[in-house]
Each structure stands twice: as C-alpha cells, then as structure tokens.
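Only one structure is covered here, and it is reproduced in the block below.
The values are calculated or read from the model by the stated rules, or taken from the named source; none is laboratory data. Remember, it's a predicted structure, so these values are computed and weren't measured experimentally. Don't worry about glycine lacking a Cβ; one is built from the backbone with ideal geometry, like all the others, and counts go over all protein chains shown. Note: areas computed on protein heavy atoms with side chains; ligands, DNA, RNA excluded. Shrake-Rupley method; radii C 1.70, N 1.55, O 1.52, S 1.80 Å.
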Amino acid sequence: MTTPGYQRFFAELKRRRVFRVMAVYGIVGFVLLQIMDLVVPALLLPEWTYRFVALILLLGFPVAIVLAWAFEMTPEGVRRTAEAASGELTEITAAPASKRWAAGLLALVGVTALLAGVWYVGRQSTPAAGADGAAGPVSESIAVLPFVNMSDDASNEYFSDGISEELLNLLAKIPELQVAARTSSFSFKDQNLEIPEIAERLNVAHVLEGSVRKAGNEVRITAQLIRADDGFHVWSETWDRTLDDIFVIQDEIAADVVAQLKVTLLGEAPTVEETDPEAYAQYLQARHLSRLGTAEGYEQSIALYEQALAIDPNFAAAWAGLAGVYSSQTASYGEQGFDVGFGLAREAVNRALAIDPEYAPAYAILGRIALLYDGDLAAAALHLERALVLEPTNPDIIGRAALLALDLGRLDEAIALGEDAVARDPVNSTGHVWLGHSYLWAGQLDEAIASSRTALTLSPGFSWAQYNIGVALLEKGEPDAALAAMQQASSAALRLIGLALAYHALGQAAESDAALTELIEEHEQGWTYNVAYVLAYRGEADRCFEWLDKAVQYKDAGLSQIVVDNLFANIHDDPRWLPFLESIGRSPEQLAAIEFEVGLPQ
C-alpha cells in the first residue's frame, strides 16, 4: 500500500527534527520576550525595542525551519541532512495516528507560544490610540467635574466647588487611580458639553459629577459615576445630612468610586482630615477667593483663613492656604513689602508642617519662598524633592519642579517635567505657557510657539503666551511678525517690553526708545529685570548692568531665569557678566553644584 504524500511529508519533517526546532524556537522566543519586558524599562531602552525584537523573532522563524530542514548536527559538525534510507519513512508513517500527529501538535504549541509572545509585546508597547493619536484612557481613570450649586443662594457656589475639589484631592491620593487635575476638570464648568467629549479631552474613562444643595446646616449631596465612552450611569447616590457629616460623605463617595471602578488598593484607602464644619466652610470660601488673583480677593481670603484658624488652630490646610496667599499677594502686589509678606508666609507654612509634617503642598510653598525671596536654589530643590516624594503625581508640584529645573539651567529636565505636567493637566493654560518658556530658551522655537498658541486657545488674552510667541519670532528672525504678536499682549507692561524689543530688531530706534521710556516711567519697580534684558538686547551693556543691580535691590523674581534667558546673549562676553552671576549665586559652577534629582512619576 502506497503511503499518502502528506504523511510522507510530515514524516520527513519529523525525521529532520523540524517540529522539534519549531517548538524550541517558540518557547525560547516567548521566554526572550518576557525577559525583554523586564529589561527594557530597567535599562531605560526606547519602547520600540520590544517591537524590534518581536520582528526579528518573526523573521527568524522561517529561517530556523529552513535550516532545520537542510542541516543537522553530527559528531563531525554541521552537515547537510542526508536523504532518508529505504523503508525509514515507511516505518515512521506506519506508526499509530496518535504518534504521527504528536509532532504536529508539538509544532502547533511552539508556533502558538511565539505568536502569543508577539501579541503580548504588542499590547505592552503599543497603547490604544485616542482621538488625537495619544494613548487612550486606562479603565482606572476619572475626572471630577465641579458639582452644581443647587442652593437658593448663588453665593454658595464656593461650597459646591470646594466639595468637588476635596473629593478630587481625596481620590488623587489613591496611587492606583489616575485622576484628572483640578485645573483641567474645572475648565469645563458652565460649558454645555457632553460627558464623552469632556472625557475624551481629559483622557479619562469615567467622570464623577453631582450637585450640592446647602441650606443653613443642612446639606444634600448627589453624586453620579458615569462611564465616559457611552454616557452610562454606573452608580448614583444621594446624601441628606448635616454639615457635621460632610467629611463622612466624602469618604463614602470615594469608597464607592473605588468599589465601582474595581480598583485594588495596595494600602489603606485615604480619608478626609476632619475639622470643625464652620472652619471648613470658611476655608473653602477663602480658597475660592484667593484664586481670583486680585488684591481685594487676597485680602478677603486672608481674613477668612484667619477666621477658620481661630476656630481650629490645628487646621494644616488652612495654614498652608494662608501661606500661599501671603506669598502670591506679595509677589503680585507687594502690599506689605517683600520682607513682611514672605515673613508671614514662612511663619504660616511652618505652622502647617508642625501640624502635618507630610503635607506636600506646604513643601511646595517653602520651595516658592526659597526661590523668590531667599534666592536659595539649593533649599528650593530640597523642598520640592520632598513635595514630590509625598505627592509624585501632583501636576502643580511637577510644574514647580519644571520651573526650578529651568532656573538651574537644566533645560532637558525642565522640558521633560513640563511635558509631564501638561499631560496630567492638559487644559491648564499656565502649564502650556511655562512649557513654552522652556522650549523658547532651549531654542525649540516652533515648539515654543505651538505651546503658547495652545495656551491662548485655552485662555484667550493670556499675555505671557502672546509675549512668548513674539520672542520666539524674534529668535527666528521674523521681526515684523514679532511686532504684530507683541502688539496683541493685553498686559501693558509686557506689550511695552515686546515693542521695545521688536522695534529695535526692525531698526526703528525712536519707537524702541519711546516704548522703553514709557515702561520705565509706568512700571519701573515691578519690571527692573525686564528693562535690563531689553537694554542687553539693544547692546547697551552699561545701562543693562545698572538695571540688573536695581533688580537685585528690588528682589525681582525674574532674576531666577537669567542663566537661560537668551535676551542677555549680547553681554555674555562682558567681563562683568560672570562676576554678577556669582554675586547672585547663579554662575554655572554654583548651579551645577546644586543637587536636584527628580524622576518622572509613573
């Protein structure tokens, strides 16, 4: 009886040990891919390394089969495989079917193992794409939208916003949960957008929304968890309580969100730090007023913080909030003078840390004081490192770390941290402006313009964004376009600075002089550093150093970026340049000696 052709073919594959090679190749390939999964991140290798190895394994698979068919190992070395002896294949094909197909099954296992490994690597190295091509949201991600104020009194909106933010902060303390930053989430307030659209912009899989109705000591809170892709309500609950239960309600909402998202916590669930309900309400209102950024808002905020602390002197968040207002008020308006204002800020933040030594925002404020008032970059670095250890995914703290890296002249680190902060808080216009600033001084001019334009899209009229675009165009050698950009700056001071620079680049000396003169007459004390770099850009070295001395006298915060500011390029060869940098602690050697090691949070 003649043996069928396919049986003879499979018998020949078995005789030449092709099936064995296929199985071994698949197993070894799968093991190699598992090893790569550990080695690539540990050695900081690029993500395409996975795909490269997988491609090599796939291309090598048919090569291995051909080599197994054509060659065999013998005691004399590698030889071409000899033809089958008479009757050898007949003996193989005459074996029971279970044995004849065992080789085929073994080969199938090998191929399956190889393909499973390649699929696994593809899943690890190629994230799902969102609408804009970015990585799609993970299932354990959420945005907390500002809860709607349903109270009869519209002024209670600070309370509904405050409750929303407190919930956001509570959820953000869960490392296993990705939470969109407050600035981004709250940017959609009063915008009539569908939940799926908001979620897509924030790159989250779920959204928490709700409402708050407050009447005296009674409060009703409704919360709803919504699946972003289809708008389906996963969970909803309503609480009718008194203000005394406000912290319990927040803990319950957070626990329910964790349960609904099936988040497996590695530690204990965080809980709200309880305080007196009246003090808490005043704290929420004070925080709301401080964010107005006005002189009146700062004054009202300070009064409310002080009232809250009179009720509960151990309210760490209120002490930190008060410190933040003092430092912002002093830096923006100089109401009490730098010494008094920053002195009060330091005293308040130290009180906060005495109560809660692990309160990350307090360390960030200490870093701000060290940078803007003390001019102590080393101390600022220590404070920000500590803040990031405590809250490694806080975009505000990451953004401050980016600014410190910029001040230290470490542009690559500043850009990496700035990009990370923007990724976590994508609709925060300030984050885009400062990232654009880093791009600008790094010479990445197109990226600087793109980031600044994104900021303008999010916050039309943002003067620093418009100004950054103007400076980038100057650096690109496009003074006409730069002038047009500078003329659109809403800040009178920034507009005059930009006009003085652009007119000079255009050779219009009289117009440049006029803009600079008006700047000095109207804004001298607050913009001394900026006057200095305009003079440097115009090649007036003597006047530039006079104004740099004034900037030191006035403790102008702009001095923090002098080492990266390209507008001083014309005086870098001046013999007074390096001694001046040394006098303010910012020579290249002094900056290089400052330790500031922060890795990008995962």
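Data overview
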| quantity | calculated |
| --- | --- |
| Long-range amide H partners of E237 with built H, under 5 Å | A223 |
| FRET E, pair E524, N314, Förster distance 51 Å, beta-carbon r, rounded to 0.05 | 0.70 |
| Normalised contact order of segment 156-242, rounded percent, pairs of Cα under 8 Å and 6 or more residues apart | 20 percent |
| Sequence-distant residues sharing a close amide H with Q178 (under 5 Å, placed H) | S141, I142 |
| K550/E306 FRET efficiency (R0 30 Å; Cβ-Cβ; nearest 0.05) | 0.30 |
| Values of log10 I(q)/I(0), in the order q = 0.12 Å⁻¹, for segment 458-602 under a Debye, Cα-only, solvent-free model | -0.53 |
| From phi via Karplus (6.51, -1.76, 1.60), per-residue ³J(HN,Hα) for segment 521-526 in Hz, x at Gly/Pro | 5, 9, 9, 4, 5, x |
| Computed accessible area, D420, all protein chains, 1.4 angstrom probe, square angstrom | 30 Å² |
| Per-bin percent of Cα-Cα distances, segment 398-461 [10 Å] | 29, 55, 16, 0 |
| Extension gain (nm, one decimal) between S139 and A509, 0.36 nm per residue minus Cα-Cα | 127.3 nm |
| Sequence-separation-based contact order of segment 431-569, relative, with Cα cut under 8 Å and 6+ spacing, percent | 16 percent |
| Accessible-area value, E347, 1.4 Å probe, nucleic acids and ligands omitted, Å² | 110 Å² |
| Percent RCO, i.e. relative contact order, over segment 422-494, from Cα pairs under 8 Å lying at least 6 residues apart | 26 percent |
| Rg and Dmax [Cα atoms of segment 538-602; Å; Rg one decimal, Dmax integer] | 13.9, 48 |
